[in-house]
1. Among the residues of the stretch 15-32 satisfying the criterion of being assigned to a loop (DSSP other than H, G, I, E, B) and not basic (K, R), which is nearest to E326 (Cα to Cα)?
2. Among S134, S156, which is the only one that is in contact (Cβ under 8 Å) with a residue 24 or more places away in the chain, within 20 Å of F192 (Cα to Cα) and touching a Leu at 6+ places or on another chain (Cβ under 6 Å)?
3. Determine if the stretch 207-220 includes at least one residue that is among the basic types (K, R), open to solvent by 30 Å² or more (accessible area, probe 1.4 Å), touching a residue at least 12 places away in the same chain (Cβ under 8 Å) and over 26 Å from L334 (Cβ atoms).
4. Within the stretch 159-192, how many residues are in contact with a Leu (Cβ under 8 Å, 6 or more places away or on another chain) and farther than 18 Å from D102 by Cβ?
5. Of all residues being under 17 Å from the mean Cα position of the chain (by Cα) and β-branched (V, I, T) in the stretch 131-175, which is surrounded by the most Cβ atoms within 10 Å (Cβ to Cβ)? Just the residue, please.
6. Would you be able to say whether some residue in the stretch 260-276 is modelled with pLDDT of 95 or more, of a type in the set (A, V, I, L, M) and either open to solvent by 10 Å² or more (accessible area, probe 1.4 Å) or assigned to a helix (DSSP H, G or I) (or both)?
7. On the given criteria, is V85 in contact with a Gly (Cβ under 7 Å, 6 or more places away or on another chain), within 20 Å of E128 (Cα to Cα) and touching a residue at least 24 places away in the same chain (Cβ under 8 Å)?
8. Restricting the search to the stretch 33-53, which residues are touching a residue at least 24 places away in the same chain (Cβ under 8 Å), in a loop (DSSP other than H, G, I, E, B) and surrounded by fewer than 16 Cβ atoms within 10 Å (Cβ to Cβ)?
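The values are calculated or read from the model by the stated rules, or taken from the named source; none is laboratory data. Just so it is clear, the structure is predicted and the values come from calculations on it, not from any experiment. Every residue, glycine among them, receives a Cβ derived from its backbone with ideal geometry; neighbour counts consider all protein chains shown. We work out accessible area using only protein heavy atoms, side chains counted, and drop any ligands, DNA or RNA first. Shrake-Rupley method; radii C 1.70, N 1.55, O 1.52, S 1.80 Å.
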Amino acid sequence: MTRGKTFTGYVGTYTKGSSEGIYTFTFDAEKKELRDVRAVAKIDNPTYVNISKSNEYLYAVVKEGDKGGVASYKINSENGDLTFVNKQMFEGPSPCYVTVNDSNNQVLTANYHRGSIESYVTSPQSGEVWPATSVMQHEGKGPNKDRQEKPHAHYSDFTPDGKYAVAVDLGTDEIITYAVGEEGKLTKAQTFNTAPGAGPRHLTFHPNGKYAYVMTELSNEVLVLEYNAQEGSFTQLQAIATLPADFTENSQGSAIHISSDGRFVYAGNRGHNTIATFAVNEDGRKLIFVEWTDTKGDWPRDFVLDPTEQFIIASNQETGNLVLFERNEETGKLTFLDSIVDVPYAVCVKFLNI
């Protein structure tokens, strides 16, 4: 990884207050500086975005009146501007998560309010999204009457080998694995049940593909799971708290990410307003707590490792800002850098791939 480069990032937002939609920004790794924030797509509630491996297309969840769905944009490689390609909409609430596979021929969304997972075929050449080939409706509920009264799918993404799609449902305390077939069609393969009331939210795989780490929103833990790539099944190995034992105020788990060397896992705490750092031991089987880092804002909905992985940028939703931290690649620890830029109701932050 080299310094002396600038990188382009994108931010999905809630379009409340002054927020206009999707924003772009520049990160200068040499100057350790965030700058050049501007709106590049004016759409309603593009809370989550993801970028094709080729950096040609950006996909965003979108709301339009009483409909929700997914929109596709062409990325201008010169200036980062977005050009609308097309969208697929359906009646009801919009999704909360979107991803695209490495081949850029399948997009997945997760819909919190509907409790469903949607699979779309996309064109690798044009970025166009075609109508959903699978809509997988979850069923059930959990013991938390306020948050788990019905299914609440919060995440869906591909396994490292692309053979399965993994859905995380906060409402039913389930992690459901779907086999991916022709034309992106999904078939239910396995179901893993977390502890009742855990409220699983997001998942990330270890680079070795043998382990996964799940952030729970309600119990505020990271679950370490062993992954069977043949069956698409999970087995729990560990649950480790993301909050101090004496913290009693409201906090809800948010995002979880892992460094590409597989040595450190980072988990966001909304309310405690920190990123918890964990060292990865035993080839991925065990996490050891390292530290909490104040995100210098309220409600850290997401964060991202920059392309050099020498920095982390946190997005604080309620204070509407991006905050820069330097990352020690040997210890995993984060150091606040005095670089903060405003992005109203920032939710998700992604960089172009290098």
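1. Checked the stretch 15-32; the qualifying residue nearest to E326 (Cα to Cα) is A29.
2. Exactly one of S134, S156 is in contact (Cβ under 8 Å) with a residue 24 or more places away in the chain, within 20 Å of F192 (Cα to Cα) and touching a Leu at 6+ places or on another chain (Cβ under 6 Å), namely S156.
3. Going through the stretch 207-220, the residues among the basic types (K, R) turn out to be 210.
Adding the requirement that they be open to solvent by 30 Å² or more (accessible area, probe 1.4 Å) leaves 210.
Then drop every residue that is not touching a residue at least 12 places away in the same chain (Cβ under 8 Å), which leaves 210.
With over 26 Å from L334 (Cβ atoms) added as a condition, the list becomes 210.
Looking through the stretch 207-220, at least one residue is among the basic types (K, R), open to solvent by 30 Å² or more (accessible area, probe 1.4 Å), touching a residue at least 12 places away in the same chain (Cβ under 8 Å) and over 26 Å from L334 (Cβ atoms).
4. So the first thing to find is which residues in the stretch 159-192 are in contact with a Leu (Cβ under 8 Å, 6 or more places away or on another chain), and the list is 165-166, 168, 170, 175, 178-180, 192.
If we keep only those that are farther than 18 Å from D102 by Cβ as well, we get 168, 170, 175, 192.
Counting residues in the stretch 159-192 that are in contact with a Leu (Cβ under 8 Å, 6 or more places away or on another chain) and farther than 18 Å from D102 by Cβ gives 4.
5. V168
6. no
7. Numbers: in contact with a Gly (Cβ under 7 Å, 6 or more places away or on another chain): yes; within 20 Å of E128 (Cα to Cα): yes; touching a residue at least 24 places away in the same chain (Cβ under 8 Å): yes.
Yes.
8. Within the stretch 33-53, just K53 meets the criteria.
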